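The values are calculated or read from the model by the stated rules, or taken from the named source; none is laboratory data. None of these values were measured; they are calculated from a predicted model. For neighbour counting, all protein chains shown are included, and Cβ atoms are generated from backbone atoms with ideal geometry for every residue, glycine included.
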């Protein structure tokens, strides 16, 4: 949790620096359909019943789309993903994801800063290459974060974001058999996206 707060604080400072740049750019107009996608880096904290807590870094990606409710409020859905590959023979990969419905709030209608929050589902998957099997789980998830739309064109923004997403996955199974319980995952990430308004 401390890592997530540090991440969001640093992101807020970084995004604040972008405010002066944004003032010289195109005006902030929000209307109709919008879509955003991007990549970044995230730190994942994982824990479960009877296992040690772990924290691992990995690549993140996101896709977000929705509609405009007002100049201050957007409604959308988003898919956030995190992955980390482990070497060795055979190799393996761990993937965490959230699918959420979210609200995006712009405190200043003419500004680019936004805050977001949402509820949905969280997914866990650990797979081994070469048919080595997989471990999966699905549970509830939440997302929170902030970002800044830096207009670079009439309908296009570069959007740095800082996000925190959490999943209470619960049971983990492999081929229908229970292999773990009480699984929880929390990801703090920085990303850079492109938004089409």
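Out of the stretch 108-117, which residues are more than 14 Å from the chain's Cα centre (by Cα) and assigned to a strand (DSSP E or B)?
113, 114
When you go through 171, 149 one by one, which is the residue that is at pLDDT 95 or above, touching a strand residue (DSSP E or B) at 6+ places or on another chain (Cβ under 8 Å) and surrounded by fewer than 19 Cβ atoms within 10 Å (Cβ to Cβ)? Give the steps one after another, and end with the answer.
On the way: 149 fails: surrounded by fewer than 19 Cβ atoms within 10 Å (Cβ to Cβ).
Sole residue among the options that is at pLDDT 95 or above, touching a strand residue (DSSP E or B) at 6+ places or on another chain (Cβ under 8 Å) and surrounded by fewer than 19 Cβ atoms within 10 Å (Cβ to Cβ): 171.
Check the stretch 124-135 and report whether any residue there is over 17 Å from the mean Cα position of the chain (by Cα), within 18 Å of residue 34 (Cβ to Cβ) and either outside any loop (DSSP other than H, G, I, E, B) or touching a residue at least 24 places away in the same chain (Cβ under 8 Å) (or both).
No: zero hits.
Identify, by number, the condition in (1) farther than 14 Å from residue 96 by Cβ; (2) surrounded by fewer than 17 Cβ atoms within 10 Å (Cβ to Cβ) that residue 121 doesn't meet.
Checking residue 121 against (1) farther than 14 Å from residue 96 by Cβ; (2) surrounded by fewer than 17 Cβ atoms within 10 Å (Cβ to Cβ), the one that fails is (1).
Of everything in the stretch 174-197, what is surrounded by fewer than 16 Cβ atoms within 10 Å (Cβ to Cβ) and farther than 12 Å from residue 49 by Cβ? Give them in sequence order.
174, 175, 176, 177, 192, 194, 196, listed by residue number.
Return yes when residue 32 is over 27 Å from residue 157 (Cβ atoms), surrounded by fewer than 14 Cβ atoms within 10 Å (Cβ to Cβ) and modelled with pLDDT under 95 and no when it is not. Before you say what the answer is, go through the steps one by one.
Numbers: over 27 Å from residue 157 (Cβ atoms): no; surrounded by fewer than 14 Cβ atoms within 10 Å (Cβ to Cβ): yes; modelled with pLDDT under 95: yes.
In short, no.
In the stretch 32-60, what count of residues is obtained for those that are farther than 16 Å from residue 141 by Cβ and part of a strand (DSSP E or B)?
Matching residues across the stretch 32-60 total 16.
What are the residues in the stretch 75-107 that are assigned to a loop (DSSP other than H, G, I, E, B) and modelled with pLDDT under 95, if any?
First, the residues of the stretch 75-107 that are assigned to a loop (DSSP other than H, G, I, E, B): 87-91, 106-107.
Answer for the stretch 75-107, where residues must be assigned to a loop (DSSP other than H, G, I, E, B) and modelled with pLDDT under 95: 87, 88, 89, 90, 91.
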